[in-house]
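Worksheet for the structure shown next.
The values are calculated or read from the model by the stated rules, or taken from the named source; none is laboratory data. Since this is a predicted model, take the numbers as computed values, not measurements. Glycine gets a Cβ as well: all are built from the backbone with ideal geometry, and neighbour counts include every protein chain shown. In case anyone asks, the SASA skips ligands and DNA or RNA and just uses the protein heavy atoms, side chains included. Shrake-Rupley method; radii C 1.70, N 1.55, O 1.52, S 1.80 Å.
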Amino acid sequence: MKQAVLYVFAISHFCEKARWALDFYDIPYQVRYLMPGVHAATAKKMGAKTSSLPILVVDNELVQGSGDIIDWAENESSLGKSLAPKAAEDASGQLEQRLDSGIGAHARRYYYSEALVQYPKTVLPMFSHGLSLAHKLMLRGAWNMVRQKMIERMDLGTAQGLASKAIVETELDWLDMTVADNKEFLLGDNFSRIDLAAASLLAPLVIPLQHPTYAKLAIPPQVSQDLIAWKNRPSFNWVRSIYKQYR
Ligand SMILES: N[C@@H](CCC(=O)N[C@@H](CS)C(=O)NCC(=O)O)C(=O)O
């Protein structure tokens, strides 16, 4: 029996995308939460190309990135389960790319631009989730330095947050239109990786009840106000319904 280990940050929506996919295929795996900062050395030691999580390690094989992990799981699945859209498969890659680089990147920059810059203490519990006591203490001591690095790396700030919010709103308009008239799935007529990607990447804004770690997610004041304004958007209702049925 292969032993699969998924390396994640508890807060990461890309990690949730990979984790949900492994759960969907009923692939047994262990989750290992990594401390930000230390994760880069761990990734390098494992032979990953970059430091980004999620990373899946199965025996001697390493798969990095949520999309590649879904490809791997689709290939591995022996139960006849599939996340491939049955119709319109051609459009799938492009659509997933749009979700990853639109909602995925910009919901994150919008949220962190307020949370990590102005209210960093609210983010610490999510990054501490699942860490060993030693790493929890180490993270607490190094938090200011770690979050400064994140601010630089993700190019966070007031103007950047507003620019990302505008992109998130454009993408939400598009998703609202796509799910209009109670459309169940974003592409084709089955639950596919496109639905899973959209729902998991929007989860930090929707905070669905079934999410494995977001019960603890703290939302800073400006984002909170926006989330109240957005909460009845068709795309938000759709994410809640997808989580309820498929997570
Ligand atoms: N396209 C990648 C994006 C992954 C990603 O952006 N991961 C972030 C967390 S949400 C990360 O690990 N950042 C830290 C780093 O890159 O070192 C995927 O689909 O997995």
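Tell me yes or no: at least one residue of region 31-45 is more than 13 Å from the ligand (Cβ to nearest atom), part of a loop (DSSP other than H, G, I, E, B) and at positive phi. Working first, answer last.
Here is the first cut: in region 31-45, the residues more than 13 Å from the ligand (Cβ to nearest atom) are 31-32, 45.
Narrowing further to those that are part of a loop (DSSP other than H, G, I, E, B): none.
Within region 31-45 (the criterion being more than 13 Å from the ligand (Cβ to nearest atom), part of a loop (DSSP other than H, G, I, E, B) and at positive phi), the answer is no, since none of the residues qualifies.
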Identify, from the list Leu116, Leu99, Leu95, the residue that is in a helix (DSSP H, G or I), free of Cβ contacts under 8 Å to residues at least 60 places away in the same chain and not aromatic (Phe, Trp, Tyr). Leu116
Evaluation of Glu89 against (1) touching a helix residue (DSSP H, G or I) at 6+ places or on another chain (Cβ under 8 Å); (2) at pLDDT below 90; (3) acidic (Asp, Glu) (one fails), failing number: (1)
Restricting to region 234-244, name every residue that is open to solvent by less than 40 Å² (accessible area, probe 1.4 Å) and in contact with a helix residue (DSSP H, G or I) (Cβ under 7 Å, 6 or more places away or on another chain). Ser235, Phe236, Val239, Ile242, Tyr243
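For region 74-92, name all the residues that are in a helix (DSSP H, G or I) and among the charged types (D, E, K, R). Talk me through it step by step, then tell me what you get.
Initial filter on region 74-92 (in a helix (DSSP H, G or I)): 74-76, 89-92.
Across region 74-92, the qualifying residues are Glu74, Glu76, Glu89, Asp90.
Which one of these is touching a strand residue (DSSP E or B) at 6+ places or on another chain (Cβ under 9 Å) and touching a residue at least 60 places away in the same chain (Cβ under 8 Å): Tyr33, Tyr29, Tyr7?
On the way: Tyr29 fails: touching a residue at least 60 places away in the same chain (Cβ under 8 Å); Tyr7 fails: touching a residue at least 60 places away in the same chain (Cβ under 8 Å).
One residue alone meets the criteria, Tyr33.
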Name every residue in region 14-28 that is touching a helix residue (DSSP H, G or I) at 6+ places or on another chain (Cβ under 8 Å) and either outside any helix (DSSP H, G or I) or open to solvent by 10 Å² or more (accessible area, probe 1.4 Å) (or both), in order of residue number. Phe14, Phe24, Tyr25, Ile27
Return a yes/no flag: does region 52-73 have any residue that is away from the ligand (no atom under 13 Å from the Cβ) and assigned to a helix (DSSP H, G or I). yes
Conditions (1) in contact (Cβ under 8 Å) with a residue 12 or more places away in the chain; (2) hydroxyl-bearing (Ser, Thr, Tyr); (3) open to solvent by 40 Å² or more (accessible area, probe 1.4 Å); (4) within 12 Å of the ligand (Cβ to nearest atom): number failed by Tyr111: (3)
Pull up region 98-137, narrow it to residues that are farther than 23 Å from Ser66 by Cα and among the charged types (D, E, K, R), then point me to the one that is nearest to the chain's Cα centre (by Cα). Glu114
Unmet requirement for Glu76, which otherwise passes all of (1) without any contact (Cβ under 8 Å) to a residue 40 or more places away in the chain; (2) among the acidic types (Asp, Glu); (3) closer than 25 Å to Phe191 by Cβ: (1)
